[in-house]
Amino acid sequence: MLIKVGNNMDENILKNIKTALTKGDRAGVVKLTKEALGKGIDVKTILEDGLIASMNAIGEKFKANEIFIPEVLIAAKAMHAGIAVLEPFFAASGIKPIGKVVIGTVKGDLHDIGKNIVSMMLKGACFEVMDLGIDVPPGKFAEIVQAKGADIIAMSSLLTTSMGAMKDTIKLLKDSGVRDKVKIIVGGAPITQSFADAIGADGYAKDAATAVDRAKELLSK
Ligand code: B1M
């Protein structure tokens, strides 16, 4: 029943998905994703060559300052709508998440717009994401790693006053004996590579697209 993209009509649908996603046309992405399924294009191809390829292109444009936060957010929402159409078929297609990320804005900090973009882009790149929300105490990160396991902890901070909570979290993970079980990525406006190095994080990302790249790099190590 499943076929690979092999003809112009199929390629056109994937191209149209890309155009719709780039425009942030949520209804269009949903319609075209359903159409692609209806034409028998396999779920993995729609996901990888349609939705993920489009989101990667958005990430590159964002990094190059060709588009900005609002466009990324709108595209990410359209991407989610497309993924929601495919989700019921994932298990049958053998698509597995490429890794599990536990994300949160650290203790004392209520800013979540950037964190949510990072979260959405990670989901778009096929990571399983557990979002702990805002004002997340160090103990919560440690508890989740111990109880549920994770490949990556991703911490966001927007305030100079909350940056220290990242260091506290890493210390608690060490004290709890789980530091070596996870990779840690940090980011947010006041965070720098040298701060990340100083607190012993494994990676720093200046924006959401780079966070996806870092997460992939860390998993491949
Ligand atoms: Co706040 N705030 N705020 N605020 N706020 C800032 C951050 C501030 C720079 C404004 C200023 O003074 N110029 C300043 C911080 C100064 C500092 O410490 N250096 C500030 C302050 C002081 C405060 C309060 C203390 C104000 C007060 O009450 N006196 C207070 C603190 C509350 C608290 O958190 N405890 C406060 C409150 C708020 C609101 C609630 C009103 C609101 C937040 C709403 C929300 O998030 N739901 C708010 C907002 C909106 C802002 C500004 C205007 C915008 C932040 C934002 O969402 N940017 C901000 C000023 C500014 O940036 N112009 C400001 C857009 C977002 C997409 O960018 O979050 O940087 P950003 O995320 C980027 C990257 O940083 C990166 O990727 C994202 C996308 O590419 N990134 C990661 C983020 N997390 C990452 C994690 C990663 C990797 C990359 O890996 C894990």
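Thinking of the chain as a set of Cα atoms, what percent of all their pairs are more than 25 Å apart? Could the numbers behind the result be given before it?
On the way: 10004 of 24310 pairs.
The answer is 41 percent, as a whole percent.
For every helix of n ≥ 4 consecutive DSSP H residues, a contribution of -39,500 (n - 2.57) applies; sum these over the chain, divide by its total residues, and give [θ] at 222 nm rounded to the nearest 500 deg cm²/dmol.
Details: 9 runs with 120 residues, N = 221.
Calculated from helices alone, the mean residue ellipticity at 222 nm is -17500 deg cm²/dmol.
Where only protein heavy atoms count, and the probe is 1.4 Å, what is the accessible area per residue for the chain in Å²? Mind dumping the intermediate values first?
Working: 10640 Å² over 221 residues.
Per-residue value: 48 Å².
If you split all Cα-Cα distances of the stretch 93-181 into 10 Å bins from zero, what percentages do you get per bin, shortest first?
Once binned at 10 Å, the Cα pair distances of the stretch 93-181 give 18, 49, 28, 4, 0.
Please build a GNM for the chain, connecting alpha carbons under 10 Å apart, and tell me which residue among 202, 109, 175 fluctuates the most.
Highest fluctuation of the listed residues: 175.
In a Gaussian network model over the chain where Cα atoms closer than 10 Å are linked, find which of 85, 136, 30 has the largest mean-square fluctuation.
In this elastic network of the chain, the residue with the biggest mean-square fluctuation among 85, 136, 30 is 85.
Which whole-number percent is the relative contact order of the stretch 7-53 (Cα, under 8 Å, 6+ apart)? The partial results should precede the final answer.
Details: 31 pairs, mean separation 21.1, N = 47.
Answer for the stretch 7-53 is 45 percent.
Quick one: what does P(r) look like for the stretch 25-138 with 5 Å bins over all Cα pairs, in whole %?
2, 11, 20, 21, 19, 14, 8, 3, 1, 0
What number do you get for the stretch 155-216 when its Cα radius of gyration is normalised by 2.2 N^0.38 Å, N = residues? Walk me through the intermediate numbers first.
Numbers: Rg = 11.1 Å, N = 62, 2.2 N^0.38 = 10.6 Å.
Compactness ratio reported: 1.06.
Build a GNM of the chain with springs between Cα atoms under 10 Å: which of 151, 180, 207 gets the top mean-square fluctuation?
Result for the chain, Cα springs under 10 Å: 180 fluctuates most.
Need the C-alpha centroid separation for the stretch 24-40 versus the stretch 54-96, integer Å.
That distance is 13 Å.
The values are calculated or read from the model by the stated rules, or taken from the named source; none is laboratory data. Being a predicted model, the structure only gives us computed values, none of them experimental. The protein model used for the area step is the full one, side chains on, heavy atoms only, and it has no ligands, DNA or RNA in it. Shrake-Rupley method; radii C 1.70, N 1.55, O 1.52, S 1.80 Å.
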